[in-house]
Structures are given as structure tokens and as C-alpha cells.
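Below is one structure, written out as C-alpha cells, with a few remarks after it.
The values are calculated or read from the model by the stated rules, or taken from the named source; none is laboratory data. In this text the structure is predicted, and so the values were computed from the model without any measurement. Ideal geometry is used to build each Cβ from the backbone, glycine not excepted, and the neighbour counts take in all protein chains shown. Only protein heavy atoms, including side chains, enter the accessible area calculation; ligands, DNA and RNA are left aside. Shrake-Rupley method; radii C 1.70, N 1.55, O 1.52, S 1.80 Å.
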Amino acid sequence: MGKNLKRVGILTGGGDCPGLNAVIRAVTKAAMGGGIEVVGIEDGYLGLIQNRMRVLNNEDVSNILTTGGTILGACNKSNPAAYSVPEGEGWVVRDVRDKVVEHYESAGLDAFVVIGGDGTMSSAVKLIERGLNIVGVPKTIDNDLWGTDITFGHDTAVQTAAEALDKVHTTASSHHRVMVVELMGRYAGWLALNAGLASGADVILIPEIAFDIERICSKCVERSKHGKRFTIIVAGEGAKPAGGELFVERVDDTSPDPIRLGGIAHYVAREVETRTGLESRSIVLGHIQRGGIPTPRDRLLATQFGFHAFELLQQRRFGRVVVEREGKIGSTPIADVADKIRTVPLDHVLIRSARAVGTYFGD
Ligand code: F6P
């Protein structure tokens, strides 16, 4: 029990998401109960690069179960193996893992927990190569981490998006408009599919199914001919037209994952209005999807994930990430999930159910 483990670190990498604090709380309380000190590493891997850490006590992790964001701060630009530093007019990429190893050792860490998505896990693999003891916990509103059926944060984002779609319904039906709502999710359609299906969207565009804008227009016209004088279109940010390109909003060269998606809703609304004459509007829900109070389901998942991360630490089963598969919490090697994305299988029951109730995917 806790053999030789005296001090462990914890960090939140990548973008923030509801439920991070619930994991920090679970790991810290469980570890403190087992006589292990927990050190909070600030701003993801940046805290390890810049040696910014602080011991967490009971007060730090009290009353944070229901709060969004992360008490530790997050950063999605600090992969120690490929860290961008300013040089001259631009940026150069450096491997700063030596600094991380130095700060890990000087802080007296026996191991640390990384809570994050695929980018965080890929960075973890590069540190495991340097001998650091790491346990991973999967988070992301996108639900796209390979190896686990679910990530915490997704349920809250689905709820937020579905509530927004329900509200958009009001104006769509009152003004007889086509309303196109852009949701996050990167290269996987889980968020758009779950939120769209939950709120009865008429058209759902996801990265896994290339769309045809002309057919979407026909669908809107056909609906208005049948007395449905409005159409709600949910557009996952990573969806693209057949034979076309992704909608890229910006390229951030200082980030390990430089592409920031965006623009699909504006494109679809403009095309529908121009081609059909139906009045259309676009709405981008953006980071609202990452904020707010985690749902009870996310709090429960995050607490169980945090507890299992503590068990892995105790058992010295390093290099593993907590996962949930078929309702059971377990773990898998971090190296197996890094650099992969879990997309929606085309024969998934969610897609089949959506088609069965008349949802159109633009194909
Ligand atoms: O991975 C979470 C996520 O919110 C994606 O859905 C989105 O594409 C991306 O992060 C946005 O990143 P940023 O916060 O850097 O704009």
C-alpha cells in the first residue's frame, strides 16, 4: 500500500473542460488519505517546464466538485518534447524534457497524474521515455480519446449544446428560418451527433460523413414544401463537403496541434440562403461548450477516474491511462491511446437511430 510513494504531482493539460476539478479533488483526497502528499502543477506541462508547483491541501480541494475549469490552470501549447519558444521574429521548437526531468526530481515527485486528451497523452509518452512515472486520466468534451468509451466533460457539453439548440428552435419556428449551429468536437462527431439527436435537429453534419451542400438545400426546401417552415442544422466544426476542405478558422504555430477549426456554420447558412432564398442564420456556440458546472454524470465519472488513477499510483502501475469500457473502469497503456482519434463508427447505433427518426446527415 503506497510503498515508497511519498509525493505525487497532478496537472491538467490541453483545453479546460467540466469535471477537471472533480478529478483533482478525487486524486488529492484519496492520496492524502493514503499518506501521500500531492503537488499541483500549474498550467499543464508549462508548470513542469517553468517549475511552478504548489502542495495541495484539504482546503484547496474542498468545494471544487461542482466547479467548472481547473484550479491548476491549463495550457494546450506546452508539449515538453516540442515546445515553441520565441526567437528573433518568430518561434522555434525545442525539446525541453531535460528541464522537466530536473524539476520533477527537485520537487521530489515519485510520479504524477496527467489529466488530458490525446495531445496531453502524446506528451506523456515522450516523458515516459525519459523515465518519468505517469498515470493518465482522459478528459475532453470531444469524447474522441482512443481506448475509452467515454471521457468526462462530454456529457456537460452535450447538455449545454442541447439546451442552446432547444432555444434556437424558438426563433427558427417563429421566423421560419434555417438556423445553422456550429458545435465543437474537432475531427469527431460525438458532440454534434449527441446534442443534435437529443434536441431533434433536422440535419446533423459530422466529420465522419462528407456532406453535399446542394442536397442540404433540397432538404430545407422539401421541408418547407411539407409545411415545416424551418430547419435546424447542427454542424460539427470538423465536417467537410465531399471532395472539399476542412473549415479552418486559424493556424496557431505555437501549438502542437496548430489547426483551430471554425467557419462551417457561416458557409452552410450563406449557401442555403443564396441557393434557396430561405432566410438563414448561423450561430457558433464556441467555448460556452467547455464551461459551466459539470453534470452529475460527469462528476461521478471524474470522481471514479480520479480514484482509479490513485489506485494505479498505489499499485505503481505507471504508464497507464484510466479508461471506461462497456461500463467498467480499467486502464490501458498510455502509448496505445496517444496520437489516435476515436471517431464515430458509421454503423453506430446513434447514427442508425438518427436516420430512423428522419435526421439527415447531408450525404
Ligand atoms: O478539444 C477541445 C476543443 O474545445 C475542441 O472541441 C476545439 O476544436 C478546440 O478545443 C478549441 O481549442 P481552443 O480553445 O484552443 O480554441
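Amide H to amide H distances under 5 Å link Leu56 with Val38, Val39, Gly40, where only residues 5 or more positions off or on other chains count and H is placed in the peptide plane. Surface composition of the stretch 24-136: carbon and sulfur make up 45 percent of the accessible area, probe 1.4 Å. Among the GluC sites (Glu not before Pro) in the stretch 300-363, those placed in a DSSP loop whose Cβ has at most 13 other Cβ atoms within 10 Å are Glu326. Excluding ligands, DNA and RNA, the accessible surface per residue across the chain is 42 Å² with a 1.4 Å probe. Estimated at the nearest 10 Å², the accessible area of Cys75 is 30 Å² with a 1.4 Å probe. The calculated 222 nm mean residue ellipticity attributable to helices in the chain amounts to -11000 deg cm²/dmol, summing -39500 (n - 2.57) over DSSP H runs of n ≥ 4 and dividing by all residues.
Residues whose amide H lies under 5 Å from that of Val248, counting only those 5 or more places away or on a different chain, are Gly262; hydrogens are built 1.01 Å from N in the peptide plane. The Met32 and Glu129 beta-carbon pair, evaluated with R₀ = 41 Å, returns a calculated FRET efficiency of approximately 0.85.
In order along the stretch 188-195, phi translates into HN-Hα couplings of 10, x, 4, 5, 5, 5, 5, 5 Hz, rounded to whole numbers, per the Karplus curve 6.51 cos²θ - 1.76 cosθ + 1.60 with θ = phi - 60° and x for Gly and Pro. Ranked by solvent-accessible area (1.4 Å probe, protein heavy atoms only, all chains present), the residues Lys6, Lys228, Lys240, Lys219 order from largest to smallest as Lys6, Lys228, Lys240, Lys219.
Between 0 and 90 degrees, rounded to the nearest ten: what's the tilt of helix 20-33 against the longest Cα principal axis of the chain? Roughly 20 degrees between the two axes. Which of the three applies to the stretch 1-65, rounded, prolate or oblate, going by the alpha-carbon gyration tensor with a ≥ b ≥ c and a/c under 1.5 meaning rounded? Here the stretch 1-65 falls in the oblate category. Multiplying the residue separation of Lys340 and Arg250 by 0.36 nm and subtracting their alpha-carbon distance yields 30.2 nm. Using a Gaussian network for the chain with springs between C-alpha atoms less than 10 Å apart, which of these wobbles most: Ala235, Ala111, Ala309? Comparing Ala235, Ala111, Ala309 in a Gaussian network model of the chain, the most mobile one is Ala111. Along the Cα-to-C-beta direction of Arg215, a point sits 7 Å from the Cα; which residues of the stretch 178-206 have their amide N less than 13 Å from that point? From the stretch 178-206, the list is 204-206. Taking the 1.4 Å solvent-accessible surface of the stretch 156-290 as the whole, the part contributed by carbon and sulfur is 49%.
Legend: residue pairs Lys99/Lys139; Lys77/Lys126; Lys6/Lys328, Cα-Cα distance threshold 21 Å; pairs beyond threshold, Lys99/Lys139; Lys6/Lys328. Within the shell of other residues whose beta carbon sits under 15 angstrom from the beta carbon of Val23, the net charge comes to -1, with Lys and Arg scored +1 and Asp and Glu -1. Report, in degrees rounded to the nearest 10, the 0 to 90 angle that the Cα long axis of helix 296-314 makes with the longest principal axis of the chain. Relative to the chain, helix 296-314 is tipped by roughly 30 degrees. Using a simple spin-label model with pseudo-atoms 7 Å out from Cα toward Cβ, Trp91 and His175 lie 3.7 nm apart.
Under the simplified labelling scheme, the Ala356-Arg54 pair shows an inter-label distance of 5.2 nm, with each label point 7 Å from Cα along Cα→Cβ.
The gain in end-to-end length when the Lys99 to Ile71 segment is fully stretched comes to 7.7 nm, 0.36 nm per residue minus the alpha carbon separation.
For the chain, what is the percent of antiparallel DSSP beta bridges, rounded to the nearest 5?
Numbers: 19 of 52 bridges.
The antiparallel fraction comes to roughly 35 percent.
Against the main long axis of the alpha-carbon atoms of the chain, helix 213-225 sits at an angle near 60°. Estimated at the nearest 10 Å², the accessible area of Ser84 is 20 Å² with a 1.4 Å probe.
What trypsin sites (Lys or Arg not before Pro) does the stretch 122-207 have in DSSP loop regions with at most 15 other beta carbons within 10 Å? In loop regions of the stretch 122-207 (DSSP not H, G, I, E or B), the sparsely surrounded trypsin sites (Lys or Arg not before Pro) are Arg130.
For the residues Gly88, Gly319, Gly69, a GNM of the chain with alpha-carbon springs under 10 Å puts the largest fluctuation on Gly88.
Largest first, how would His348, His226 line up by accessible area (1.4 Å probe)? Mind dumping the intermediate values first?
Values: His348 50, His226 145 Å².
The most accessible residue leads, giving His226, His348.
Amide H contacts under 5 Å for Val321: Gly136, Thr332, Ile334, restricted to partners 5 or more places along the chain or on a different chain, H placed in the peptide plane at 1.01 Å from N.
Name the trypsin sites (Lys or Arg not before Pro) in the stretch 21-61 that are in a loop by DSSP and that have at most 16 other C-beta atoms within 10 Å, would you? Answer in residue order: Arg52.
Net charge near Glu237, counting Lys/Arg +1 and Asp/Glu -1 over other residues with Cβ under 11 Å of its Cβ? Before the final figure, lay out the partial values.
Working: positive: Arg186, Lys240, Arg260; negative: Asp142, Glu182, Glu249.
Charge balance near Glu237 sits at 0.
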